[in-house]
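So the structure is just underneath, and the comments pick up after that.
The values are calculated or read from the model by the stated rules, or taken from the named source; none is laboratory data. Just so it is clear, the structure is predicted and the values come from calculations on it, not from any experiment. All Cβ positions, glycine included, derive from the backbone under ideal geometry; neighbour counts span all protein chains shown. Ligands, DNA and RNA are stripped out before the accessible areas are found, and what is left, the full protein with its side chains, is counted by its heavy atoms. Shrake-Rupley method; radii C 1.70, N 1.55, O 1.52, S 1.80 Å.
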Amino acid sequence: MEKREDGITIQGVASTVIYQNPENGYAVLRVDVAGETVTCVGCMPGISPGEELELTGRWKEHTSYGQQFQADYVVRRLPTGTAAIFRYLAAGSLKYVGPAKAREIVDRFGSRTLEVLENDPLRLAEIRGISEKRAAEIGEAFRRQICLRRLMEMLNQYGVRPFVAVQMYHHAGEQAIEMVRENPYVLTAFGAEFFEADAMALDMGFEGDSPQRMEAALLFELAHNMNNGHVFLPRRKLVEATAQLLDTQTEPVEEALSVLYETGDVILEEVAGQEACYLEELYRAERDAAVRLTEMAGNTAFPDERTHQLIDRIEREQAVVYSQGQRTAVEKAASNRVMVLTGGPGTGKTTCVRGILALFDHMHVRTLLCAPTGRAAKRLSEVCRREAATIHRMLGVTPGEGETLRFDHNEDDPLECDAVIVDETSMVDILLFSSLLRALPPGCRLILVGDADQLPSVGPGNVFGDVIRSGAVCTVRLTEIFRQAESSKIVRTAHQINGGTVPEWKNEGGDLFFLRRSDVNRAAETVLELCRERLPENMGIPMGEIQVLCPSRKQELGTENLNRRLQEALNPPDKGKREKSWGDFVFREGDKVMQTRNDYDIMWKSPDGRVVGNGVFNGDVGVIRAIDQQRETVTVDYDDKQVSYMFEQLGELEPAWALTVHKAQGSEYRAVVLVCLDASPRLLTRSVLYTAITRARELLVIVGNEGILTRMVENNRRSRRYSGLRARLADGLLTPPDRIQ
């Protein structure tokens, strides 16, 4: 064994394959290393006993199976010698070849067996029982293995993870190696970092100002900024950022952008005074959403002549008396195909939604209820006493490549309904919104509900705010705080903050308390006491119904540190609880966890096992119910589904004892403990504080410093998102360039 800069390297021969996942290449192997048997785990697709391996990685201690070697990089060598070749084939690595047939093949071709398999597989038909057709199939299977092996070896030289090779091979097959040789930057589309592909390209002889390098960097910048919420980038900013990334002049970048424009990979269009540069997928989503929404807004529905009588009847049935704003909202829902309903906490949005739903029922309008997250959908279902689903589930997620949105319902197979009500619309990004609009049948009504002052969606765009500010869609804004809500200090404080007034942080009882802490360690201890003892014992709020929120991940009081301390306090190690180490965290049965990316392929089942489906989404929060060391799985219960993750998928999860305010969007918790003491200045804003406070349903405890809270209230700066939806709706920018009509 030797030590490299990037880890420890061991060499040996694969003796046994304990587990192998054909989709992502994760494997558990026994490897003979210098006379000892070592358990190795990692992304090692298609490995068979008999292969010679050079593994680079690190040792780790498995709680059940002891010491294992975590392989980050793998160099594979085909076996040499007839005994090793027989062992390799007899392991069943090739279709139709078992131990008996492997013996016949090796006896016939000896040490040239693998050469025959790759270059002259039809010779296998010389063996009794193997037809020419089957010989060709065996040869094809062997060539696929060799191609993936060579691709992995090629990428391994540059430190590119094996997972990238697997994704690339699934997409391109035997053409993958040639594609990488022609343009290594293609790897960024399959999970490689730009700097990895760039280092590989430069080493392979690509010039620093090559068109491929410029084009790849431009596409990388657009994709990177999409993850920061931007739908497009102004041309000047895109060119300057790309030139800075590559440490080059802007002229060659401009030339590369022109080529991408000509090929249609980047769309350029004048939007709101900006020369906007779009990735094609985002352009289509924004343009299509604007077209469909404009059509709906211009097509006013004919109100039922009995509308006023029906609303009076609903008031009696639901024992409510609508304010003028609420009555207007219910009336407008009847007379408009699309309507926005917005307002802060305590203004009666939920009462309006129940009224609109009842009115649609009386009008025999089939209505679907949905929300962006499972928690929001569950809450909507509870308050309306009607089934509600996530938008993804309603549309029917279809497995696709990576994070590509593909749904069963679209313009060719629309939803079976007459109206759709969407709650927490501020969380909906432009890609999901466009998919929703495409799935609405002709004549369908759409009600968009949310709080316009919340933080925008995690994904690209600012859909809810853009629609409201455009003035193109009928919008009802509720402003009156109802008497019952006025008694809530949470509600009053939220409205004060939203209006720019710094509240007086007095503990006068009620549902909001402020605990002054200036020392980070004392503040952390206070958070632990609140969650472990004070709220469960004194307020009767179970630990599982308390959510800790922080503005940021980093800092002493960020989610990363607090999650470790909260886990230690609330779910400590126990002989009866199984664990799994992953990265810097140890996942344990009973832990709260959150999904961190949209995974449209992963399977789930309902708690009773009767319903199955696929898709878990960024922001879903659940609890680890079981860790199976033998099957290498972690089972997580979400609100409405149960998901089993393979160990290698744990990168999709992170602890959720403490969440950032951004990650808590759209969720409501019985009790919130908000920590405001230290954070990045860009996160100390009014919208972050307002969003955090409005996550609490019954109780809010703020732990922190008055000075920090004052800074947040006074800082009304919102990070700008480059989005063209408002301009398209307001100015009628609906005609696409000729090339993508």
Using the Cα gyration tensor of region 250-373, with a ≥ b ≥ c the square roots of its eigenvalues, what is the shape: rounded (a/c below 1.5), prolate (a/b larger than b/c) or oblate (neither)?
prolate
Taking every DSSP beta bridge that has both residues in the chain, what percent is antiparallel when rounded to the nearest 5?
60
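When N is the residue count of the chain, what does its C-alpha Rg come to as a fraction of 2.2 N^0.38 Å?
Numbers: Rg = 29.2 Å, N = 741, 2.2 N^0.38 = 27.1 Å.
After normalising by residue count via 2.2 N^0.38 Å, the value is 1.08.
Kindly report the accessible area of the chain per residue (heavy atoms of protein chains, probe 1.4 Å, no ligands, DNA or RNA), in Å².
Values: 32560 Å² over 741 residues.
That works out to 44 Å² for each residue.
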Could you tell me how far the Cα centroid of region 616-656 sits from the Cα centroid of region 105-165, in Å?
37
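Name the shape class, rounded, prolate or oblate, that the alpha-carbon gyration tensor gives for region 614-741, where a ≥ b ≥ c are the square roots of its eigenvalues, rounded holds for a/c under 1.5, and otherwise prolate holds if a/b is larger than b/c and oblate otherwise.
Numbers: a/c = 2.48, a/b = 1.13, b/c = 2.19.
Taking the square roots of the gyration eigenvalues as a ≥ b ≥ c, region 614-741 is oblate.
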At a temperature of 25 °C and a viscosity of 0.890 mPa s, determine how fast region 446-550 diffuses translationally according to Stokes-Einstein, using the Kirkwood radius over alpha-carbon pairs as Rh; express D in µm²/s, rounded to the nearest whole number.
141
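If TRP59, TRP604 are ordered by their accessible area, calculated over protein heavy atoms with a 1.4 Å probe, which sequence runs from highest to lowest?
TRP59, TRP604
For n ≥ 4 DSSP H runs only, could you compute -39500 (n - 2.57) per run for the chain, divide by its residues and tell me the 222 nm figure to the nearest 500? Please list the in-between numbers first.
Working: 25 runs with 271 residues, N = 741.
Rounded to the nearest 500, it is -11000 deg cm²/dmol.
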Less than 23 Å apart at the alpha-carbon level, and either on another chain or at least 8 residues along: which lysines does that give for LYS592?
LYS378, LYS554, LYS575, LYS577, LYS580, LYS605, LYS641, LYS663
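At 10 °C and a viscosity of 1.306 mPa s, what translational diffusion coefficient does Stokes-Einstein give for region 144-186, taking Rh as the Kirkwood radius over Cα pairs? Give it in µm²/s as a whole number.
Values: Rh = 10.0 Å.
Estimated diffusion coefficient is 159 µm²/s.
Do any trypsin sites (Lys or Arg not before Pro) in region 83-148 lie in a loop, going by DSSP, with at most 10 other beta-carbon atoms within 10 Å of their beta carbon, and if so which?
Numbers: sites: ARG87, LYS95, LYS101, ARG103, ARG108, ARG112, ARG123, ARG128, LYS133, ARG134, ARG143, ARG144; in loops: LYS95, ARG128.
For trypsin sites (Lys or Arg not before Pro) across region 83-148 that sit outside H, G, I, E and B with at most 10 neighbouring Cβ atoms in 10 Å, the list reads ARG128.
In what order, largest first, do ARG354, ARG686 sit by accessible area if the probe radius is 1.4 Å? Mind dumping the intermediate values first?
On the way: ARG354 85, ARG686 35 Å².
Reading off the accessible areas and sorting them downward yields ARG354, ARG686.
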In nm, give the distance between the simple-model label positions of GLU115 and THR16, each being 7 Å from the Cα along the Cα-to-Cβ direction.
3.5
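Quantify, in whole percent, the carbon and sulfur part of the accessible surface of the chain (1.4 Å probe; protein heavy atoms only). List each step's numbers first, then the result.
Working: 14630 of 32560 Å².
Here carbon and sulfur together make up 45 percent of the probe-accessible area.
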Which lysines have a Cα less than 21 Å from the Cα of LYS95, not counting those fewer than 8 places away in the same chain?
LYS133
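Please report the net charge: other residues with Cβ closer than 9 Å to the Cβ of ARG717, K and R +1, D and E -1. Present the calculation step by step, with values, prior to reporting the outcome.
On the way: positive: ARG682, ARG686, ARG718; negative: none.
With Lys, Arg at +1 and Asp, Glu at -1, the net is +3.
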Cα-based Rg then Dmax for region 532-571, in Å, read 11.3, 31
Put +1 on the Cβ of each Lys and Arg and -1 on the Cβ of each Asp and Glu in the chain; which of TYR26, ILE421, MET204 then has its Cα farthest toward the positive end of the dipole?
ILE421
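Provide, as a two-decimal number, the C-alpha radius of gyration of region 579-687 over 2.2 N^0.38 Å, N being how many residues it has.
Working: Rg = 15.3 Å, N = 109, 2.2 N^0.38 = 13.1 Å.
In units of the 2.2 N^0.38 Å rule of thumb, it is 1.17.
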